[in-house]
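Take a look at the structure set out below.
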Amino acid sequence: MMQIRFTVNGTEMTLQVPPDRRLVDILREDLGLTATKIGCGEGECGACTVIVDGKTVDSCLLPACQLEGRSITTLEGITPAEGLHPIQQAFMEQGAVQCGFCIPGMVLAAKALLDQNPSPSEGDIRTALSGNLCRCTGYVKIVKAVEDASRRYGCEKGEVVGVESR
Amino acid sequence: MSVGKSIPRVDAADKLTGKAQYIDDLYFPDQLYGMVVRSTHPCADIEEIRFGGEFDWSRVVTFTADEIEGENLFNIFNMDAPFLARNRRTNHVGEPVLLLAAPTRAMLEEARKSVHISYHPLPAALTPEESVARKQLIYGEDNVQRSYQVNKGDVDEGFRRAARVIEGVYRTGYQEHAYIETQGMIAVPDADGQGVTLYGTFQCPYYIRKETQKLFSFPPEKIRAVQLCTGGAFGGKEHYPSFLAGYTALLALKARKPVKMIYEREEDIENSTKRHPSVIRHRTGLDAEGRLLAMEVDITFDGGAYAIASPVVLARGTIAACGAYNCPNVKVRSRVMATNKVPTSAFRGFGAPQAFFAVELHMARVAEAAGLDPYAFRQLNLLREGDRTATGQLLRYSVGSHKTLEAVAEKSRFLELHRKYQAQSPEQAVRRGIGVCTVFHGAGFTGMGENVIKGRAGLGLRPAGRVSVLCGTTEMGQGMRTVLPQIAASALQIPLDGISVEKSDTSLVPDSGPTVASRTTMIVGKVLTMAAADLLEALKISVAAHLGVSADDLTYENGGYRAKDGRTTSFHEAARVHLARGGDADFIAQYAHPPFINWDDKEFEGDAYAAFSWASTVAEVEVDTETCEVKVVRLTTAQEIGKAINPGLCEGQVEGGVLQALGYALIEEMKSREGRILNRNLTTYIVPTAMDVPPMDVILLEEEYPHGPFGAKGLGEMPLVAVAPAVAAAVEQATGVRIQEIPITPERLFELTSTRGSGSEARTSEPIRTGVR
């Protein structure tokens, strides 16, 4: 066991965990943050994507021993108490959600992209999402959603837009 | 009216915020984790199972086949599949031998290492050819899991009269569903041990009950299935989850504790069911004008060790064998062979992707032999309203075949580009090609299946004027939870936000039949409109009594009842009145085919489906002849579906299905050695990413189906059926080689282009006669 201190969604915490415990299991099982999904366990599908110190990371590949001092953002961390984040709103309106299992990873990949590059080209978007597999949508409306989000993001970075949807 | 509008889906917010609950997000106190211990041989007898003394077995639960109280039988069609290897015989790598459950995953792994199973290997039939030769007898007397024949007219006469006869052989391989959420199940035993509840990711709650029922000593009604939010399915969660239901239930009932089993990706890819590989031979006779005179098709599917849904997959493939064409003389022979490999079963398209790949690519050759371009050939030969299909079905209505062809040809500039690419210089290293295909897809079960299922669904009046949709079909991403309320709301003329869908729990909803066969909108939606009519009629009677008028004096319009004397009663008020008077809350209706639908299963002829949807696709490709990489530069598809209840959701289905089909055509390849799948993870079984999407034009067309809800037919599978042959034909034009197999990987294309003769198979400058418009 080792002690690690890190920040999740803005909250600093200290945990005692085996050094090889995967971040995705810490999030899902130890912290009850189940929005982050497991799709392959080997960093191929991106369903477990989280943002670590501003960059997207497959949390199934990140062991506890590498978490000291890091700042981690999950989908729960960008979801407002009421309503939707502009990126979530864009996904909703563009019809980019089908089964939803890739969505937490996709939304965070989109956020990491837009935080770095508020006006990405279509090619930039596809590259940024290339590590997130989706089997339902063909990615068409997901890419449109990120384009739409980049237009909203420019004006309302970090603010909530839109009313809560059912 | 919300039908026809692209309403945002009702479950998007929960999925976007992480609130949606998938099976691995659910935990029960004191749950155990379950695991399957599997055979490592393609065919073997189990000599001994030994639980090694190095492990303390009192800490875990073990379960072996002899402990099954009922019958060790997966309750489906051929009744040939056990849950655990039966009579000490294992028939494929990965066949379950015994089950383990433990409080932690780590302990489970430790336990598994201490299970020692010794096998006596036996000869294995690893291909359909070896199966035909009976290298191993796996099923029945001859390894044929099912076979069919279609006979129309007189093919021998047709071939005699033919001006040209063209032959070809086509092959397709496995395809893996690769749903992003793997298989998962939690079984919670009833306190008295005489029942169980299964929570999981699956398409068909009532199949969970039906397919596991033989295992137990208690009646089927004591098996409750609750579907949670499901992360993709595509047919892979149609029957296969019932195996997990069996494993977890057996363990849970023995342990008297909940048991959770979530497949790791590699276990899922290796052991869950796959799309049937196929070998399809075509022989086609044409008259001098290029009209089809005779089609002879021979189909062999690889069924794997157990049939599961193979009989119906083969049926659909057989019906699709001759394509969307009008041909007076037809002979089809089809069979699915048992092999010592992972069982093959349902996957979006269900036999049609294989059949249409073969027939549509074959027609590229046939058209060329006739001196017609692919568009002119289809104009001449595609089915129209009033024609009869290969099974003799009269196409009475709703035939969008030609409309879809014209739409894609125009949008993609097909003729212009086809001519242009035909004239490309042979020296060009990067070459383009364009191909087209037209397909149909019948929604609902084949033949009289829907009349056997008698799917039931309905509407329930709930407090505060709310209405609940009661159906046993499930949301798996396709949008059912949005589309069925749209149909109900429009039928009842009430706002959409007054309608919700009851949870997919067998204790709460009727058996509407499974969520398969592109049937949910067309069949279950139709039943909801029937229930809506019954509901409105019952409310009318209650309102009439309440107002003291005759029911005939009331008309229902604009969401309310209007009496002859002008008094109006809103739907909301009518529901309140009805319930206050003790009226029924739930209105359940039952499906039956239109009465003229008639299918002879023995002769395999007649009306295969109540309605067909139609689609055409044009694929334009660019091939780098040095690297042999194929890039799809444009894809245009038109899907004629009767009525697009929610156009946005329809587009989503098309876009997703098209990309799965591009994977099937170009990059998804499953290799195996000695019966073991080699590419068992997503690194080696590659599926399309966001960078693999071509510019795509999606056209939705509507030719009303008179017996569908607001004219709607089925859509879900067709997008995956209508792509691969267009891509293959385009690659043929670009490279001049004959494609006979998919996926067209760079390796395969390299082999084809490097082994051909010095331009002998390359396209000559033979003039193509364009057809009459």
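The values are calculated or read from the model by the stated rules, or taken from the named source; none is laboratory data. The model shown is predicted, which means the values in this text are computed figures rather than measured ones. Backbone-built Cβ (ideal geometry, glycine too); neighbour counts: all protein chains shown. What goes into the accessible areas is simple: the full protein's heavy atoms, side chains included, and nothing from ligands, DNA or RNA. Shrake-Rupley method; radii C 1.70, N 1.55, O 1.52, S 1.80 Å.
Brief remarks follow.
- Other residues whose C-beta falls under 9 angstrom from the C-beta of B:Pro694 contribute a net charge of 0, scoring Lys and Arg +1 and Asp and Glu -1.
- Potential lengthening of the chain between B:Ser58 and B:Glu167 amounts to 32.8 nm, from the contour at 0.36 nm per residue minus the alpha-carbon distance.
- Where labels lie 7 Å past Cα in the beta-carbon direction, separation of B:Asp30 and B:Arg756 in nm: 7.0
- If only the Cβ of Lys and Arg carry +1 and only the Cβ of Asp and Glu carry -1, the dipole of chain B around its Cα centre is close to 500 debye.
- Among residues other than B:Leu547 with Cβ under 14 Å from its Cβ, the summed charge is +2 (Lys and Arg +1, Asp and Glu -1).
- In straight-distance terms, cross-link reach from B:Lys713 covers every one of the aspartates and glutamates whose alpha-carbon lies under 13 Å from its own, apart from those fewer than eight places away in the same chain; here that gives B:Glu640, B:Glu702, B:Glu703, B:Glu704.
- Kirkwood Rh, Cα atoms: Rg over Rh of chain A: 0.97
- Kyte-Doolittle mean at least -1.0, axial Cα span of 27 Å or more - DSSP H helices of chain A: none
- The shape of region B:28-83 comes out oblate: with a ≥ b ≥ c from the C-alpha gyration tensor, a/c is at least 1.5 while a/b does not beat b/c.
- Against the empirical curve 2.2 N^0.38 Å, the C-alpha radius of gyration of region B:656-721 lands at a ratio of 1.59.
- Magnitude of the charge dipole, the protein assembly as shown, Cβ model with Lys/Arg +1 and Asp/Glu -1, debye to 20: 880
- Pairs from the list B:Lys152/B:Lys454; B:Lys214/B:Lys341; B:Lys15/B:Lys403 with a Cα-Cα gap above 27 Å: B:Lys152/B:Lys454; B:Lys15/B:Lys403.
- Relative contact order, whole percent, for chain B stands at 16, derived from Cα pairs under 8 Å and 6 or more residues apart.
- Where Cα atoms sit under 30 Å apart: lysine pairs in region B:497-605 separated by 8 or more or lying on different chains: 5
- In a reduced charge model with +1 at each Lys and Arg Cβ and -1 at each Asp and Glu Cβ, chain A shows a dipole moment near 240 debye about its Cα centre.
- 15 Å Cα-Cα reach of B:Lys420 towards aspartates and glutamates, excluding residues that sit fewer than 8 places from it in its own chain: B:Asp373, B:Glu620, B:Glu622, B:Glu732, B:Glu766
- The protection proxy used here, the mean number of other Cβ atoms lying within 10 Å of each residue, ranks peptides B:495-505, B:84-94 as follows, highest first: B:84-94, B:495-505.
- Pairwise FRET efficiency - B:Thr104 versus B:Phe51, Cβ, R0 = 22 Å, nearest 0.05: 0.75
- Screening chain B for DSSP H helices whose Cα atoms reach 30 Å or more along their own axis and whose mean Kyte hydropathy is at least -1.0 gives B:525-547.
- When chains B and A come together, the accessible area they lose, probed at 1.4 Å and totalled over both chains, is close to 4000 Å².
- Gyration tensor (alpha-carbon) shape descriptor, the protein assembly as shown, a/c threshold 1.5: rounded
- Computed label-point distance, nm, for sites B:Asp534 and B:Gln428 using a 7 Å Cα→Cβ extension: 6.2
- If the Kirkwood radius is taken over C-alpha pairs of chain B, then at 25 °C and 0.890 mPa s the Stokes-Einstein diffusion coefficient equals 89 µm²/s.
- Local net charge near B:Ala85, Cβ-Cβ under 14 Å (Lys/Arg +1, Asp/Glu -1): -3
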